[in-house]
Every structure is written in structure tokens, then in C-alpha cells.
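Report on the structure given below.
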Amino acid sequence: MIDKIFPGVAAALQDVRDGATVLIGGFGTAGIPGELIDGLIEQGARDLTVVNNNAGNGDHGLAALLKAGRVRKIICSFPRQADSQVFDALYRSGRVELELVPQGNLAERIRAAGAGIGAFFTPTGYGTELGKGKETREIDGRMYVLEYPIAGDLALIKAERADRWGNLVYRKAARNFGPIMAMAARHTVASVHEVVALGALDPEAIVTPGIFVQAVVQVPRTATQAGGFIQAA
Amino acid sequence: MTMTYTRRTKDQIAQRVAQDIYAGAYVNLGIGMPTAVANHLPRGIEVILQSENGILGMGPAPAPGSEDYDLINAGKQPVTLLPGGAFFHHADSFAMMRGGHLDICVLGAFQVSQKGDLANWHTGEPDAIPAVGGAMDLATGARQTWVMMDLLTKSGESKIVRECSYPLTGLACVKRVYTDLATLECGPQGLRLIDTVEGLSPDALQTLIGLPLRA
């Protein structure tokens with residue numbers, strides 16, 4: 001019997017190695033797998049490369065992982081926020097490396113890893129600092145930049161509901177990076193608020209098919225909290 | 001003769017942008033100033049707002065007390081979903097831009113060049129932590145990229161320039177610039193004047209910008 005439901009966060013994260021690349025879902029307040037990030041801090045893996053849209057807010061979640069000194073490098077599109085003080089201090093003192101990626105290129109590079117694409121040409125970033133030094137090509141009169149996939153050893157994502165095969169549905173805009181990160185990692189752990197019987201999820205509405213998910217952990221439902229950006233940049 | 005004119009307020013610029021948005025358009029409003037355009041969309045037409053974090057059919061802010069922080073816009077403020085709205089993941093969201101499905105995006109800017117180069121993500125100051133978000137994808141991906149900004153910096157220099165001095169977001173991607181003093185089109189032929197605020201002559205505007213303007 002296939003059963004991807006794990007009894008707790010610690011059991012789902014026991015094999016994370018030092019130096020791993022970890023894809024972490026979430027955009028602003030929505031879709032951040034807080035319990036899984038706390039579990040990763042507890043698990044103790046170091047020297048991590050973290051892929052997330054942002055670089056942590058306040059002093060919890062990704063910011064706490066950074067503060068614990070576990071992150072060597074961050075790949076993200078929008079590190080600077082009103083409450084990104086943990087990242088800001090580490091970055092300014094040279095203790096964390098930053099690879100800044102336009103958000104759509106970030107998403108597509110993750111998707112490419114999950115889809116087995118070796119690299120792709122994208123118009124985004126051409127002629128800018130973020131395209132500098134990269135291979136370019138003119139295709140049908142338009143200029144493109146070559147971008148490579150971003151694969152994860154581990155993905156930590158937040159979904160709403162799962163069954164024991166690991167099929168997932170999400171909640172509203174908390175879906176964001178979840179489905180593509182699930183595809184792009186060798187080991188994907190999803191936290192969910194509800195586990196249902198096989199067959200209870202509408203097969204027409206399953207967003208992430210279980211083949212992309214290796215472990216599911218049920219966590220208590222708490223309202224997603226305000227926070228994140230206090231002010232738009 | 002002295003000329004008197006009044007600058008458009010942020011809301012009036014938003015109103016001016018909204019006038020040009022047409023029925024059936026799929027539109028992304030960037031964070032900051034462009035968000036206000038949503039408040040002025042013409043009544044009686046349907047316009048579908050996209051949010052980069054996976055929303056089509058985005059509605060206004062919720063009533064106080066009914067905020068849902070799983071339903072936020074790109075600026076991380078709580079929003080609502082209109083009937084017919086849809087959620088999707090990030091790769092699909094940016095495919096909507098890059099794939100040319102999004103009709104219009106409206107962005108803020110530090111500088112726009114006369115041929116439509118855009119600089120809006122980074123001042124290039126050595127101490128600044130760079131952040132780009134979806135700006136480059138939106139600017140190069142949408143069918144039409146419009147900019148909304150004050151024409152002059154606080155020290156009175158034109159933000160419409162011959163060549164951008166700030167780091168670029170995209171090359172030749174801006175089609176129109178809506179400002180507090182005038183609306184202009186930019187492109188391979190340079191600048192073309194669409195309108196100015198009352199009391200500001202095209203010649204006086206040209207002096208402020210310091211670049212040739214076609215009528």
C-alpha cells in the first residue's frame with residue numbers, strides 16, 4: 001500500500017543533507033510552509049542553497065533559517081522588503097550569497113527542472129544587468145537569454161488537502177510556487193491542513209498529481225497571518 | 001506671458017490611464033502607484049485584472065475584518081476574487097506575460113528613455129540591495145507596457161530621458177508614459193505628445209523634457 005502520509009515533520013525531513021538545495025514555496029504571506037521550515041531548522045542541515053521568491057520576513061520562517069546560519073546562498077526575485085532585516089544584515093556583511101532572478105525566469109527555471117528541459121531561451125532580462133554574461137540568441141527577430149533549470153534536492157510546500165497517494169489541492173493564491181517546486185525536487189514534502197480518503201479529491205480538480213510528492217504532513221489549520229510586505233517597493 | 005497649470009494628482013493620473021483601458025482587456029497593475037488605476041476603470045465595461053502571484057479576475061480590497069491572507073495581490077495586500085476568477089501557479093502566471101496573453105501592464109518607473117527603454121527596479125546605488133520581482137517579465141512580456149510616474153524628479157530633472165542612466169528593466173518595451181504633466185508615446189521614432197495638462201504648452205513641455213516631441 002502506498003502511503004505518503006508521515007506522522008510528523010521530523011520524520012519527513014530526516015534525510016536532508018548539508019549542502020542541499022531546498023525549494024521553499026510561498027509568496028508574501030500565502031503558501032509559506034512555516035511548520036516545515038521550523039522542522040528544517042530543527043533537523044540541522046547546514047550550508048543550504050534556498051530558492052524562494054523572497055528572502056524571509058520578520059524573524060520567523062525563512063528569516064529564522066537564515067538567522068540560524070544554515071543558508072549559504074539564496075536564489076530569489078525580491079529579497080528587499082520592509083521587514084527583511086535578517087537577510088539584509090547577512091547580505092551586507094557578506095555572510096550569504098544572493099542570486100537575483102526575475103520572477104518569471106525563476107518560475108520557468110524551476111518548471112524546466114521538473115520537466116526535464118536542459119535550458120531555455122527567454123526574453124526576460126535581455127539587455128539588463130541580470131542577463132549580463134549569459135548566452136543570447138536572436139530568434140525570429142527577437143533577442144533572448146539562455147537560462148538553466150533550478151532543481152531541488154528537497155521542496156517544502158504548503159497545500160490545502162491531500163490523499164495518501166500525495167495528490168494535492170491548494171487554497172487560493174497560496175498555490176503560487178507549490179506545483180512547480182513539487183515537480184522540480186527529488187524529495188517533495190507538502191504540509192496540508194486536511195488528509196482525505198483516496199478518491200475523495202475530484203480527479204478533475206487535482207492540481208499536483210501525487211507522482212510529484214514524496215511526503216505529506218498534516219498540520220493544524222491556522223489563519224494565514226498578515227505581514228510580509230508592509231509597504232510596496 | 002506667464003503660464004499657469006496644475007499638475008495631475010496621483011488619482012488623476014490613474015484616472016487618465018484608466019480612460020485608455022478598453023473592454024475585455026487583461027491587465028496587470030504593478031505595485032505602488034499603478035494599483036490606483038483599479039479604482040477608476042470605466043463603468044459598464046469588463047476588464048480582467050491579473051496578479052502575478054496567480055490570480056485572474058482580481059477584485060477590490062475586502063471589507064475590514066474579512067481579509068484572507070491566502071488571497072493577496074503582488075504588493076501583498078489582501079484582495080478579493082470576482083465571480084469567474086481563477087487561481088493558477090507561478091509558471092502559468094508568467095506564461096501569461098511572456099506568451100503575449102496579457103494586453104496591458106502598467107508600471108511605475110525611475111526613468112523611461114525616448115525609445116521606450118525602462119528603468120524601474122534598481123537605483124544602482126552601491127549599498128542598495130537589488131530586488132526585481134516580476135518587473136522584467138511584465139515589461140517585456142505584456143503586449144503593451146504603460147508607465148505611470150511624475151514627469152520630473154524632486155530636483156526638477158525629467159524622468160523621460162535620451163538614455164536611461166539607472167539599470168535597465170527592459171529594452172524598447174514602454175509604449176506610453178502617463179505623467180502628472182502630460183501623456184506621451186515613446187518608441188523607435190522617439191517621443192510623441194498625446195496630451196498635456198491645461199495651461200502647459202507643448203513648447204513649455206518640450207523645454208522641461210529637453211527632447212524633441214512630435215505632435
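Taking the criterion of being out of contact with any helix residue (DSSP H, G or I) (no Cβ under 9 Å at 6 or more places or on another chain) and of a type in the set (A, V, I, L, M, F, W, C), the only residue of the range A:46-88 that qualifies is A:A82.
Could you tell me whether B:G75 is surrounded by 17 or more Cβ atoms within 10 Å (Cβ to Cβ), touching a helix residue (DSSP H, G or I) at 6+ places or on another chain (Cβ under 7 Å) and small (G, A, S)?
Against the criterion (surrounded by 17 or more Cβ atoms within 10 Å (Cβ to Cβ), touching a helix residue (DSSP H, G or I) at 6+ places or on another chain (Cβ under 7 Å) and small (G, A, S)), B:G75 qualifies.
When you check B:E67 against the structure, is it acidic (D, E) and either free of Cβ contacts under 8 Å to residues at least 12 places away in the same chain or more than 11 Å from chain A (Cβ to nearest Cβ) (or both), yes or no? So B:E67 passes the test.
A:S77 falls short on exactly one of the conditions (1) more than 24 Å from A:A185 (Cα to Cα); (2) buried (at least 17 other Cβ atoms within 10 Å of the Cβ); (3) of a type in the set (S, T, N, Q), and that condition is (1).
How many of the residues in the range B:112-128 are among the hydroxyl-bearing types (S, T, Y) and buried (at least 16 other Cβ atoms within 10 Å of the Cβ)? First the steps, then the outcome.
Looking only at the range B:112-128, we keep the residues that are among the hydroxyl-bearing types (S, T, Y), and these are B:113, B:123.
So of that shortlist, the ones also buried (at least 16 other Cβ atoms within 10 Å of the Cβ) come out as B:113.
The qualifying residues number 1.
Looking across the range A:67-92, just one residue is of a type in the set (A, V, I, L, M, F, W, C), more than 11 Å from every other protein chain (Cβ to nearest Cβ) and in a loop (DSSP other than H, G, I, E, B), and that is A:A68. Among the residues making up the range A:191-224, those that are more than 17 Å from the chain's Cα centre (by Cα), within 12 Å of A:N167 (Cβ to Cβ) and not in a loop (DSSP other than H, G, I, E, B) are A:V195, A:G210, A:I211.
The set of residues in the range A:93-103 being within 11 Å of chain B (Cβ to nearest Cβ) and polar (S, T, N, Q) consists of A:Q103 alone.
How many residues does the range B:70-104 hold that are over 23 Å from A:I110 (Cα atoms) and either assigned to a strand (DSSP E or B) or without any contact (Cβ under 8 Å) to a residue 12 or more places away in the chain (or both)? Total satisfying the criteria: 8. Annotation: A:M143 fulfils all but one of (1) in a strand (DSSP E or B); (2) touching a residue at least 12 places away in the same chain (Cβ under 8 Å); (3) more than 10 Å from chain B (Cβ to nearest Cβ); the unmet one is (3).
When A:G116 is tested against (1) at pLDDT 95 or above; (2) within 30 Å of B:L102 (Cα to Cα); (3) within 14 Å of chain B (Cβ to nearest Cβ), only condition (3) is not met.
A:G228: within 14 Å of another protein chain (Cβ to nearest Cβ), part of a loop (DSSP other than H, G, I, E, B) and either at pLDDT below 95 or out of contact with any strand residue (DSSP E or B) (no Cβ under 8 Å at 6 or more places or on another chain) (or both), yes or no? Walk me through how you get there before you give the answer.
Numbers: within 14 Å of another protein chain (Cβ to nearest Cβ): yes; part of a loop (DSSP other than H, G, I, E, B): yes; either at pLDDT below 95 or out of contact with any strand residue (DSSP E or B) (no Cβ under 8 Å at 6 or more places or on another chain) (or both): yes.
Answer is yes for this residue.
Highlighted here are the strands (runs of 3 or more DSSP E) found entirely within the range B:123-215 that include at least 2 residues which are more than 15 Å from the chain's Cα centre (by Cα): B:191-196.
Could you please find all residues in the range B:34-49 being more than 12 Å from chain A (Cβ to nearest Cβ) and free of Cβ contacts under 8 Å to residues at least 60 places away in the same chain?
Within the range B:34-49, B:A38, B:N39, B:H40, B:L41, B:P42, B:R43, B:G44, B:I45, B:E46, B:V47, B:I48, B:L49 meet the criteria.
The residue list A:G104, A:G58 contains one member that is touching a strand residue (DSSP E or B) at 6+ places or on another chain (Cβ under 8 Å) and either in a loop (DSSP other than H, G, I, E, B) or of a type in the set (G, A, S) (or both), which is A:G104. A single member of B:G24, B:G84, B:G57 is farther than 30 Å from A:A115 by Cβ, over 18 Å from the mean Cα position of the chain (by Cα), modelled with pLDDT of 95 or more and not hydrophobic (A, V, I, L, M, F, W, C), and it is B:G24. Just give me the residues in the range B:129-188 being in contact with a strand residue (DSSP E or B) (Cβ under 9 Å, 6 or more places away or on another chain), surrounded by fewer than 24 Cβ atoms within 10 Å (Cβ to Cβ) and within 14 Å of chain A (Cβ to nearest Cβ), in sequence order. Matches in the range B:129-188: B:I129, B:P130, B:A131, B:R143, B:E163, B:C164, B:S165, B:Y166, B:P167, B:L171, B:A172. Note on the range A:146-177: among residues that are surrounded by 24 or more Cβ atoms within 10 Å (Cβ to Cβ) and in contact with a His (Cβ under 7 Å, 6 or more places away or on another chain), the one that is farthest from the other protein chains (Cβ to nearest Cβ) is A:L154.
The values are calculated or read from the model by the stated rules, or taken from the named source; none is laboratory data. The structure presented is a predicted model; accordingly, all values stated were derived computationally and were not measured. Positions of Cβ are generated from backbone atoms using ideal geometry, with glycine treated the same way; all protein chains shown enter the neighbour counts.
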